[in-house]
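Structure first, commentary second.
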Amino acid sequence: MATSCNSSKLVNGDDAPPVRTGYLPITDASALLAAYDRGFYTAEGLHAEPPQKYLSWDAIAEAFMAREVNVVHLLMPTTVWLRYGANFPGKVVAWNHTNGSALTVLPSINQPEDLAGRDVAVPFWYSIHNIVLQMLLRQYGLEAVIKPTAQPLAAHEVRLVVLPPPQMLQALQEQKIAGYIVAEPYNSAAELAQSGKLLRLTGDIWKDHACCVVFMHEDDITERPAWTQAVVNGIVKAQQWAKANRPELAYMLSKDGGQYMPYELPVLERVMTYYDNDYYYQKGAIINPEWRSRRIDFQPYPFASYTSELVSALQKTLIGDDPSFLAQLAPDQVAQDLVDDSFVKVALQHVGGPQAFGLSLDLSRQESILI
């Protein structure tokens, strides 16, 4: 594991604070954890403290706003809520990964229609999971609702409940819920424990979507540009390492290695290395095998097309909160204001350009959503 210095360093003339990373124990945090653990931050002249683990999205958002941490991975819709709903000055500077989530259900559930009249857990209202789940339910004539547990459901209704990711598998095993949609390794853990099965992989619904993104304080970005650039450089190099060293990444994350995740190596290996298109196509978890998407992949560029489409989707999503601020947002404007891609563009040049991650040279793409 990487070691940190006892005093702050100067990074290109900036008075540099320590890198204080906040993360949830999900594989979406891989790039931030590898940047620390494999010394990519140190190589950029940064002083990095050991990453701080949080167990819920509420907790990590509160820690970020309290400035207990200054580099976090957050659900992309949560960054929209923080900046425009809570009016907190943060910016997305990069993606952490693509795909990496699934809808896991009880073994008795064979198709989306079987979720009718049942409870399904999401990790947070402002999540790609909530968005994609509701897209899927609408496609199959089901209606997502938010009702007290004791209140009966109509035949076409699916009750949404919020559960922190670490609590989801146990809730499924106890049959308190019919399924959950969340990041890895909680889907792979259910598969290996034979407690659940994958009904759909989210990367097969929204091709190569981001779930979590790198979020930083806006004043750090504007007042410490060299420090910010060094942070993003470390993250991009960590992503390149992760993409090329999946078995080593799995070990680093696992209880057998760096102990960042609450699971043994086989669960993490399955996340990082097992994505049998034929197997999951036969099971119905994949219906778009021609996309050839990875179960989880790594690339840092925050596409404006994704941010814009995400905001539009959020505006159509049921949220158990006051989402009135969403109606005032212009998706294309959010894509320009929420995200600062200048640092990641520079970082990409240090690792061979966009093509090092299989990206187009003009850093553009069209969103593909097929349910």
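Each row is one residue, and each column tells you yes or no for (1) touching a Ser or Thr at 6+ places or on another chain (Cβ under 6 Å); (2) over 13 Å from residue 235 (Cβ atoms); (3) at pLDDT below 95.
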site	(1), (2), (3)
16	yes, yes, yes
25	no, yes, no
29	no, no, no
52	no, yes, no
68	no, yes, no
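Return the residue satisfying two criteria in turn: it lies in the stretch 16-44 and is of a type in the set (Ser, Thr, Tyr) and not in a helix (DSSP H, G or I), and of such residues it is farthest from the chain's Cα centre (by Cα).
21
Tell me the strands (runs of 3 or more DSSP E) entirely within the stretch 71-113 that contain at least 1 residues that are of a type in the set (Asp, Glu) and touching a residue at least 40 places away in the same chain (Cβ under 8 Å).
Answer list for the stretch 71-113: none.
Please specify each residue of the stretch 286-310 satisfying the condition of being more than 25 Å from residue 236 (Cα to Cα) and crowded, with 19+ Cβ neighbours inside 10 Å.
Matches in the stretch 286-310: 286 only.
Hey, any hits in the stretch 241-251 for a residue that's more than 18 Å from residue 38 (Cα to Cα) and over 20 Å from the mean Cα position of the chain (by Cα)?
no
Quick test for you: out of 41, 84, pick the one residue that is at pLDDT 95 or above, among the aromatic types (Phe, Trp, Tyr), in contact with a helix residue (DSSP H, G or I) (Cβ under 6 Å, 6 or more places away or on another chain) and under 20 Å from residue 319 (Cβ atoms).
Going through 41, 84 in turn, the sole match is 84.
Of everything in the stretch 114-160, what is assigned to a strand (DSSP E or B) and touching a His at 6+ places or on another chain (Cβ under 7 Å)? Give them in sequence order.
Selection gives 122, 143.
How many residues does the stretch 51-66 hold that are in contact with a strand residue (DSSP E or B) (Cβ under 7 Å, 6 or more places away or on another chain) and either assigned to a strand (DSSP E or B) or in contact (Cβ under 8 Å) with a residue 40 or more places away in the chain (or both)?
6
Touching a strand residue (DSSP E or B) at 6+ places or on another chain (Cβ under 6 Å) and surrounded by fewer than 17 Cβ atoms within 10 Å (Cβ to Cβ) - does that describe any residue in the stretch 347-364?
No, every residue in the stretch 347-364 fails to be touching a strand residue (DSSP E or B) at 6+ places or on another chain (Cβ under 6 Å) and surrounded by fewer than 17 Cβ atoms within 10 Å (Cβ to Cβ).
Return yes when residue 351 is in the same structural domain as residue 34 (by TED's automatic domain parsing), touching a residue at least 60 places away in the same chain (Cβ under 8 Å), β-branched (Val, Ile, Thr) and under 27 Å from residue 124 (Cα atoms) and no when it is not.
For residue 351, the condition - in the same structural domain as residue 34 (by TED's automatic domain parsing), touching a residue at least 60 places away in the same chain (Cβ under 8 Å), β-branched (Val, Ile, Thr) and under 27 Å from residue 124 (Cα atoms) - is not met.
Among the candidates 107, 148, 152, 112, single out the residue that is crowded, with 18+ Cβ neighbours inside 10 Å, modelled with pLDDT of 95 or more and not charged (D, E, K, R).
Only one candidate passes the filter, namely 112.
Mind listing just one residue for me: the one in the stretch 83-110 that is of a type in the set (A, V, I, L, M) and closer than 27 Å to residue 271 by Cβ and, of those, farthest from the chain's Cα centre (by Cα)?
Looking at residues that are of a type in the set (A, V, I, L, M) and closer than 27 Å to residue 271 by Cβ, I get 109.
Restrict the check to the stretch 273-292 and report whether at least one residue is in contact (Cβ under 8 Å) with a residue 24 or more places away in the chain and within 16 Å of the chain's Cα centre (by Cα).
No, the stretch 273-292 has no match at all.
Look through 221, 181 and report the one residue that is in a strand (DSSP E or B), within 26 Å of residue 59 (Cα to Cα) and touching a residue at least 40 places away in the same chain (Cβ under 8 Å).
Answer to the check: 181.
Somewhere in the stretch 196-214, is a residue in a helix (DSSP H, G or I) and in contact with a His (Cβ under 8 Å, 6 or more places away or on another chain)?
yes
Among (1) outside the structural domain of residue 27 (by TED's automatic domain parsing); (2) surrounded by fewer than 23 Cβ atoms within 10 Å (Cβ to Cβ); (3) within 17 Å of the chain's Cα centre (by Cα), where does residue 269 come up short?
For residue 269, the exception is condition (3).
In the stretch 219-245, how many residues are under 20 Å from residue 301 (Cβ atoms) and of a type outside the set (A, V, I, L, M, F, W, C)?
9
Determine whether residue 322 is over 26 Å from residue 34 (Cβ atoms), surrounded by fewer than 19 Cβ atoms within 10 Å (Cβ to Cβ) and in the same structural domain as residue 237 (by TED's automatic domain parsing).
Here the answer is yes, as residue 322 does meet what is asked.
The values are calculated or read from the model by the stated rules, or taken from the named source; none is laboratory data. Note that the structure is predicted; figures quoted are calculated from it, not measured. A quick note on method: Cβ atoms are made from the backbone with ideal geometry, for glycine too, and the neighbour counts reach across all protein chains shown.
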